[in-house]
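Presented below is the structure to which this report refers.
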Amino acid sequence: MTQNTPSPPSATIRFGCAWYPEHWPESRWDADLDLMVAAGMNVVRVGEFAWSSLEPQPDRFTADWLERAIARAAAHGLATVIGTPTAAPPAWLTTRHPEVLRVGPDGRVHRHGKRCHFDPLHPVYLQHCRRIAGWLAERFGSHQAVIGWQIDNEFSDLSHGPVAANAFRHFLRRRFSDLDQLNRAWSGAYWSLAYDTWDQIEPPDFRGGDHPGLLAAWRDFATEAWTAYAVNQAEVIRVHAGSRQFVTTNATFEFARQDSHVLFAGLDLCAADVYLGSGAPLVHLDPGWMGVYLAAARGVKQAPFWVMETQPGTIDWFAANPAMDPGEVRRMVFHQIAHGADAVLFWQWRSAPNCQEQYHGCLIGQGGRPRPIYDEVATVGAELRQLAPLLASTSVQASVAVLWTYRDRGLIDSRRLHQGFDPWRHLRDQYAALRRQGIDVDVTSPWSQLDGYRLCLAPHLAMLDPALEERLLAYVAAGGILILGPRSGTRDPDASLLPSDPPGDRLGAALGGHVRESYCLTSPLTLAGDIAGSADIWGEWLEADAPDTVVNLRFGPEHPWLAGKPAMLTRNHGRGRIGYLGTWPDEPTLAALAAWLCDLAGVSRPWAPLPPGIEVSGRRLRGRASKGAGDRQQGVHIVINHSATGHVLPVPFPVIDAFTGAPLGTTLHLAAGALAVLIGE
Ligand code: GAL
């Protein structure tokens with residue numbers, strides 16, 4: 001796995017569902033496929049979890065049923081994505097090889113009866129995965145109707161058994177030249193934690209109190225392990241699929257289990273599973289929470305992505321699972337498309353009569369008839385079919401980014417210091433404030449291509465190493481504006497405190513400032529300066545060290561230590577500007593700050609100010625334009641009213657309504673929950 005390369009342009013927009021034909025008599029298939037077609041669908045995902053139907057006994061493969069299902073789907077005009085079934089090993093496999101069963105951090109062996117109960121590092125399991133994936137690819141790798149592959153399903157946790165423990169030790173031996181180096185890097189003298197032999201190192205138990213160095217290493221190890229797990233199948237699939245079919249896996253972003261930027265580097269496109277609760281326990285669509293999640297999926301390869309799973313109105317895994325409101329699923333799909341999804345697939349078409357997910361939302365009821373949500377889905381299907389020629393080969397091209405890393409997120413999450421310091425919420429707040437300006441915003445890694453961005457916010461870039469500092473300074477020197485957020489530049493990649501005041505030697509020198517002290521806040525503090533507002537949760541006493549460092553914000557008088565102290569600094573560096581924000585402003589303050597920063601960076605905000613609940617997103621023909629030039633390309637603008645009240649919006653440039661082809665005047669009337677797709681500059 002090397003460079004993270006953008007996915008190839010998509011010739012069309014895909015709309016479909018997860019279909020499990022093995023749950024149903026074949027006599028029912030055509031009825032289901034007819035209904036899919038009537039709902040405007042053009043793709044199904046099949047096969048994942050179907051290991052026991054594909055290989056009911058060792059080496060007795062039976063894919064005829066799958067071939068017939070794919071053929072029936074194709075006859076209805078539906079393309080197929082095949083999921084490899086490896087998240088659900090059959091009973092014969094784990095009975096023959098109990099050694100492949102996953103061991104939890106508590107030592108409990110996971111047994112047959114659920115899913116994901118395998119050790120992804122176990123060579124016997126890997127061999128079986130390669131065999132079934134290779135066998136499927138041999139059979140379907142040149143099938144005309146198969147357009148892609150999904151490896152496994154939502155990679156979950158590593159095993160904590162002996163195989164994983166040994167592999168972890170090998171990983172550490174590669175990272176540290178000897179045990180002394182590891183002990184020094186992890187401050188082994190503290191609590192006499194130093195190890196005498198490699199064998200003494202055990203995986204973290206996640207019951208609290210784990211060593212931060214061990215946790216950080218385990219996170220990196222998990223990324224490496226799952227990446228290798230994907231490669232094991234991708235390699236053998238590609239032998240037969242060539243470049244005719246894409247290879248991906250479906251990931252979630254709300255749990256920091258692997259670094260998606262690394263995981264997807266060797267895969268053809270990023271596929272995300274998107275449920276309303278992704279990131280927060282929500283039952284209704286929140287454009288901030290879902291937006292940051294989708295932007296993070298797009299940011300993985302800085303390219304369009306697939307929504308491989310999304311909910312058809314309800315789920316079954318919250319404390320309460322109310323239905324989304326009428327019209328909300330339509331808004332959700334357009335919200336996903338607006339954020340760069342080239343495909344949206346519902347999970348799932350119809351629930352199996354029994355088993356764990358009987359009550360999850362689906363499109364077909366237990367009696368075989370469409371559920372009420374089906375009609376709304378069919379409306380969206382028809383709309384997407386109409387818009388597909390317009391949307392195909394377009395992508396979101398943002399000139400602003402929010403930078404995050406999975407490692408920082410895990411690090412902060414494992415030691416928040418203030419319960420309210422939820423790193424994902426922190427990311428979401430800065431993202432949402434920028435989005436309030438009516439601009440597109442990428443959420444990506446600091447290791448991604450940064451040179452197209454005029455402005456980058458890095459809400460909590462905790463872990464620094466010299467290469468990253470150099471990269472960020474080069475971005476600023478070349479004209480970018482980089483604003484670091486609280487807790488940035490505090491640790492090295494082993495989670496050790498850096499031997500310098502935050503935000504680290506080199507970034508601090510460029511900023512001409514440093515963090516003197518950090519405080520957890522228990523009540524809001526006022527802020528004044530270039531903007532006015534208030535902040536909460538976290539406050540840092542900043543000090544300017546250089547005469548040309550500008551204090552942009554100061555804390556008000558409320559806090560005994562922070563009263564009057566600088567809360568935000570900026571300074572010119574090369575052709576750009578570097579800044580540091582030492583607190584967590586509330587939503588209106590962050591929105592004001594975002595507006596101020598956009599103006600500083602020369603990011604045009606033709607739609608601003610947007611009323612609350614109104615969201616504007618743009619897609620343009622692929623091929624990223626250089627800074628500024630992109631603004632002149634024709635774009636598709638998706639305007640969604642997520643609020644419960646109607647709004648009249650000034651339209652900043654001439655547009656035509658993509659549905660009717662009629663030119664629109666200078667105002668757009670959007671009823672509560674309505675959306676518009678506009679073609680304009
Ligand atoms: C996903 C998973 C699906 C299904 C769904 C239910 O995370 O990939 O297989 O379980 O959740 O919401």
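Here are some notes:
- Residue within the range 427-442 that is more than 27 Å from Ile640 (Cα to Cα) and modelled with pLDDT of 95 or more present: no
- Pair list, Cβ < 7 Å and 6+ apart or interchain, from the range 149-169 residues that are over 26 Å from Ala137 (Cα atoms) and open to solvent by 30 Å² or more (accessible area, probe 1.4 Å) to residues that are away from the ligand (no atom under 14 Å from the Cβ) and outside any helix (DSSP H, G or I): His160/Val103; His160/Gly104; His160/Pro105; His160/Pro203; Val163/Asp119; Val163/Leu121; Val163/His122
- Residue list for the range 507-565, restricted to those being among the small types (Gly, Ala, Ser) and part of a strand (DSSP E or B): Gly513, Ser518, Ala528, Gly529, Gly533, Ser534, Ala535, Gly539, Ala544
- All positions within the range 477-494 that are outside any loop (DSSP other than H, G, I, E, B) and among the aliphatic types (A, V, I, L, M): Ala477, Ile481, Leu482, Ile483, Leu484
- Screening the range 366-379 for residues that are part of a loop (DSSP other than H, G, I, E, B) and out of contact with any Pro (no Cβ under 9 Å at 6 or more places or on another chain) and picking the one that is surrounded by the most Cβ atoms within 10 Å (Cβ to Cβ) gives Gly368.
Table: residues versus (1) modelled with pLDDT of 95 or more; (2) hydroxyl-bearing (Ser, Thr, Tyr); (3) outside the structural domain of Ala432 (by TED's automatic domain parsing).
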site	(1), (2), (3)
Ala595	yes, no, no
Leu621	no, no, yes
Arg624	no, no, yes
Gly628	no, no, yes
Val639	yes, no, yes
Val648	yes, no, yes
Phe659	yes, no, yes
Leu675	yes, no, yes
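- Ser445 vs. criteria touching a residue at least 40 places away in the same chain (Cβ under 8 Å) and buried (at least 18 other Cβ atoms within 10 Å of the Cβ): yes
- Annotation note: Cβ proximity below 7 Å between a residue of the range 333-361 that is in the same structural domain as Leu78 (by TED's automatic domain parsing) and closer than 26 Å to Ile13 by Cβ and a residue that is at pLDDT below 95 and of a type in the set (Asp, Glu) (sequence gap 6+ or interchain) occurs for His360/Asp316.
- Within the range 196-250, restricting attention to residues that are over 24 Å from Arg491 (Cβ atoms) and of a type in the set (Val, Ile, Thr), the residue that is farthest from the ligand (Cβ to nearest atom) is Thr197.
- Wholly enclosed strands (runs of 3 or more DSSP E) of the range 568-681 bearing at least 3 residues under 30 Å from Ala528 (Cβ atoms) and of a type outside the set (A, V, I, L, M): 576-581, 583-585
- Filtered by the rule that a residue be within 15 Å of the ligand (Cβ to nearest atom) and open to solvent by 10 Å² or more (accessible area, probe 1.4 Å), the range 291-308 gives a lone residue, Trp306.
- None of Ala382, Ala388 is assigned to a helix (DSSP H, G or I), more than 16 Å from the ligand (Cβ to nearest atom), over 26 Å from the mean Cα position of the chain (by Cα) and surrounded by fewer than 20 Cβ atoms within 10 Å (Cβ to Cβ) except Ala382.
- One residue from Leu282, Leu263 being within 16 Å of the ligand (Cβ to nearest atom) and open to solvent by 10 Å² or more (accessible area, probe 1.4 Å): Leu282
- Residue pairs meeting the criteria (Cβ under 6 Å; at least 6 apart or on separate chains; first among the aromatic types (Phe, Trp, Tyr), in the range 369-393; second outside any helix (DSSP H, G or I)): Tyr374/Leu363
- The single condition among (1) within 28 Å of the chain's Cα centre (by Cα); (2) aliphatic (A, V, I, L, M); (3) open to solvent by less than 30 Å² (accessible area, probe 1.4 Å) that Ala592 does not satisfy is (3).
- Odd one out for Phe155 among (1) more than 16 Å from the ligand (Cβ to nearest atom); (2) in contact with a Pro (Cβ under 9 Å, 6 or more places away or on another chain): (1)
The values are calculated or read from the model by the stated rules, or taken from the named source; none is laboratory data. Values in this document were obtained by computation on a predicted structure and should not be read as measured data. We place every Cβ from the backbone using ideal geometry, glycine too, and count neighbours over all the protein chains shown. For accessibility, only protein heavy atoms count, side chains too; no ligands or nucleic acids. Shrake-Rupley method; radii C 1.70, N 1.55, O 1.52, S 1.80 Å.
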